Amino acid sequence: MVRMSGKRGNGEGSIYPYKNGFAAYAWVTTPDGRKKRKYVYGKTRTEVHDKWIKLHAEAKKGPVATSTPTLEQYLTYWLREVVEPDLKPKTAETYAMHVRLYIAPGIGQKRIDKLTVRDVRTWVNELLEQCQCCAQGKDARREEPRCCAVGRCCDQVPSRRTVQDSRAVLRSALTNAMTEELISKNVAGLVKVRSARKVKRDPWSVEEARKFLEAASTARDPLYAAYVLILVLGFRRGEVLGLTWQNVNLDAGEVTVQLQLQRIRRRLVHDETKTEDSTAILPLPAICVTALRVRRKEQEAAKQAAGELWTDSDFVFTTRYGTPIEPRNFNRSFADRSAKAGIRRIRLHDTRHTCGSLLAALDVHPRIAMQILRHSKIAVTMEIYTHVPSEATRKALRRLGKHLGKQDRKSRK
């Protein structure tokens, strides 16, 4: 009979009594390439032995993490090391917002490897009904509380779209954790959130757009050219405010859209557009050329008036002192001009749908309209085309053309 030695080989680890049970360790290689001890615990020797065998099997397959962070700790690392270097600044800011306001307060204290499908589902369900006025401490910071602090909850719950986006951010983070071999499955990917009902927008008609532009032109609004670009070419807010004279060729009648201006984390960022599809060289209709020529003259006059207070920049749209226009201030100016023109208030972004109506009424081919609007899918463009009352819109557009033609002639005198 041959007796087997009880001595373990080098690196196998050890099982020993620990508190009210047993513990064991094995030497593993961590994701950063270092050799460390990894411990397992249990109430019986058999239980610990099974865990110990499993640990050895994991160590043979590849790197093993020796310490597991909480979800909040991992999200902090993920935002800093993965999101910020790889994604656009605005996207990174949005991810950080979802982590700060919704994910970390809800389930951030859970260990990432202990997070379950039930945990995520419970968090989603609670978030859908949680008053954010109270959860974010807004009411506590008020001089006179008027919500949960006084027993009258305002029910300021997140929209279903917000909850969807928060779950998507969590799923993205856990996907990265799987790549780094911290977890074996993505529990957020197993929890579904019912899609929010699509909000039906009611953009301006061509007649309303005409009245708006007419009022802005009559008032000599310094942002008139910006409004023209938004309504005729479908510029987004950031694209208008980030437009530089270098990207405007009035002689050739072209404008290059490749930069945007956004306020991100308390500073203005002048950066590339979000996607390659957003970058384009667009033809400038006569009304746009005229409006931009007028804008250049106005800017030269403002520079002379400001004198030494003027800040040199290449931005097309600036304040009276040459500095960039704050995005929020542009929204306020748009809303104020709408009110003065007697036009119903709509979201600034919804003007892109009015642009689509203008192009459809002009019988511009959908593929060309898709290029101007910079839609990534033709189906999005066609949705606009199917909502245009063609004859009424064409009549309004003809009136708009006559008005804009008058403005062209006036500017040349």
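The values are calculated or read from the model by the stated rules, or taken from the named source; none is laboratory data. Because the structure is predicted, anything quoted here is derived from the model rather than measured. FYI the Cβ positions are ideal-geometry reconstructions off the backbone, even for glycines, and counts take in every protein chain you see. Just so you know, the surface numbers come from the protein's heavy atoms only, side chains and all, with ligands and any DNA or RNA stripped out. Shrake-Rupley method; radii C 1.70, N 1.55, O 1.52, S 1.80 Å.
Quick notes on this structure:
- In region 244-346 the Cα-Cα distances spread across 10 Å bins starting at 0 as 13, 33, 43, 11, 0 percent of all pairs.
- Taking Cα atoms only, the orientation of helix 117-129 departs from the longest principal axis of the chain by about 40 degrees.
- Distance from region 123-178 to region 187-234 (C-alpha centre basis), Å: 28 Å
- Nearest 10 degrees, 0 to 90: helix 160-179 Cα axis against the chain principal axis: 50 degrees
- Candidates Glu326, Glu143, Glu254, ranked by Gaussian network fluctuation over the chain, Cα under 10 Å, top entry: Glu143
- Folded to 0 to 90 degrees: helix 206-218 orientation relative to the chain principal axis, Cα: 70 degrees
- Neighbour net charge for Thr311 - beta-carbon separation under 15 angstrom, K R +1, D E -1: -3
- Shown here are the Rg and Dmax of the Cα trace of region 41-166, at 19.9, 61 Å.
- Nonpolar atom fraction for region 178-233, defined as the carbon and sulfur part of the 1.4 Å probe accessible area, stands at 51 percent.
- Its DSSP H runs of at least 4 residues, each contributing -39,500 (n - 2.57), put the calculated 222 nm mean residue ellipticity of the chain at -14500 deg cm²/dmol, to the nearest 500.
- Restricting attention to region 91-217, lysine pairs at least eight places apart or on different chains and with alpha-carbon atoms under 26 angstrom apart total 7.
- Taking the chain and dividing mean pair separation by its residue count, relative contact order in percent (alpha carbons under 8 Å, at least six apart): 11 percent
- Overall, the accessible surface of region 284-335 at a probe of 1.4 angstrom is composed of carbon and sulfur to the extent of 50 percent.
- Ranked order, Asp119, Asp50, Asp314 - accessible area, probe 1.4 Å, largest first: Asp50, Asp314, Asp119
- In the full protein context, the chain carries 60 Å² of accessible surface per residue, based on a 1.4 Å probe and ignoring ligands, DNA and RNA.
- Note: relative contact order over region 268-335, using C-alpha pairs below 8 Å and six or more positions apart, is 18 percent.
- For region 22-112, the carbon plus sulfur part of the accessible surface works out to 53%, probe radius 1.4 Å.
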